[in-house]
Amino acid sequence: MKFKKISVNGDPNIGLRGFATDTYVLLGSKIPGAEILNSEIHIIKIAQCELSGIFAAGNSNGVILPKIAEKDEIEQVKNLGLNVLVLNSKETALGNLILCNDRGAIISPLLKKYQREIESCLGCESIISTVAGLSIVGSCGIATNKGCLLHRDTSEEEAKIMEDVLKVKVDIGSVGGSPFVKSGIIANSHALLVGEHVTGPELERIFEVFE
């Protein structure tokens, strides 16, 4: 699997800037090396912010946006030809609250009342759960159609739930010493972008999960 270690203006927290699926990559700004993900790249800010990975979540079927997204940003996402859900929730950091691939979605308890809407947009089954006892499930994990890396304090029970719903192997790890693994990775089935702060042992674990 191809991979590249990168940072953006000295910031290794690249996962805050967007996410990748097997059919498209959504980024808030240009990121070096994104072409290795081998999917169509779209630069779209959310709420006029380059940290699209915090505010948006999605898979190959759809994208979920917060109500603070600008009209023109919503139109840009709709032009991708995907299902688009603008969630009328007080919670706006949706990328931190939804963990998904094309087969399933883990939804934060904070979004419980929107479960069916989210499930319909993403075109997959879902479950309400925590990761490592935390409601910020999207921050605590990153999933592709090949694997899922989770916060190092994820319980065995939680990991089994993730495995059953996402239908991939799961494991625990960290990035640059942080258990909030989404912050340092952008990945799909084709390739991996990781922050420059990722250590050798961490990278080895990441490869085991996603290859």
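The values are calculated or read from the model by the stated rules, or taken from the named source; none is laboratory data. In this text, all values refer to a predicted model and were calculated from it rather than measured experimentally. A quick note on method: Cβ atoms are made from the backbone with ideal geometry, for glycine too, and the neighbour counts reach across all protein chains shown. To get the accessible areas, we keep the full protein, side chains included, count just its heavy atoms, and leave off ligands, DNA and RNA. Shrake-Rupley method; radii C 1.70, N 1.55, O 1.52, S 1.80 Å.
List of remarks:
- Checked against (1) buried (at least 16 other Cβ atoms within 10 Å of the Cβ); (2) within 18 Å of Val63 (Cβ to Cβ), Ser120 meets all criteria but (1).
- Counting the residues of segment 168-189 that are under 23 Å from Ser60 (Cα atoms) and surrounded by fewer than 16 Cβ atoms within 10 Å (Cβ to Cβ) gives 1.
- With respect to the conditions (1) modelled with pLDDT of 95 or more; (2) over 23 Å from Ala56 (Cα atoms); (3) not aliphatic (A, V, I, L, M), Glu211 lacks only one, and its number is (1).
- Close contacts from segment 14-25, counting a first residue that is farther than 17 Å from Leu99 by Cβ and a second that is open to solvent by 10 Å² or more (accessible area, probe 1.4 Å) and of a type in the set (S, T, N, Q), with Cβ to Cβ under 6 Å and a gap of 6+ residues or different chains, come to Thr23/Ser39; Thr23/Ser60; Tyr24/Ser39; Val25/Ser39.
- Filter result for the condition that a residue is assigned to a helix (DSSP H, G or I), open to solvent by 10 Å² or more (accessible area, probe 1.4 Å), in contact with a helix residue (DSSP H, G or I) (Cβ under 8 Å, 6 or more places away or on another chain) and aliphatic (A, V, I, L, M), over Ile54, Ile74: Ile54
- Failed condition for Cys148, given (1) of a type outside the set (D, E, K, R); (2) open to solvent by 20 Å² or more (accessible area, probe 1.4 Å); (3) within 17 Å of Ser60 (Cα to Cα): (2)
- So Lys45, is it over 11 Å from the mean Cα position of the chain (by Cα), touching a residue at least 24 places away in the same chain (Cβ under 8 Å) and farther than 26 Å from Glu163 by Cα: yes
- Listed by position, the strands (runs of 3 or more DSSP E) enclosed by segment 87-188 that each have at least 2 residues that are in contact (Cβ under 8 Å) with a residue 40 or more places away in the chain and under 29 Å from Asp11 (Cβ atoms) are 98-100, 104-107, 141-143, 147-151, 185-187.
- Qualifying residue in segment 155-165 (condition: small (Gly, Ala, Ser) and either in contact with a helix residue (DSSP H, G or I) (Cβ under 8 Å, 6 or more places away or on another chain) or under 18 Å from Tyr24 (Cβ atoms) (or both)): no
- Restricting segment 57-67 to residues that are more than 16 Å from Asp102 (Cβ to Cβ) and not charged (D, E, K, R), the residue that is surrounded by the fewest Cβ atoms within 10 Å (Cβ to Cβ) is Pro66.
- Residues of segment 151-167 satisfying the condition of being aliphatic (A, V, I, L, M) and crowded, with 24+ Cβ neighbours inside 10 Å: Met162, Leu166
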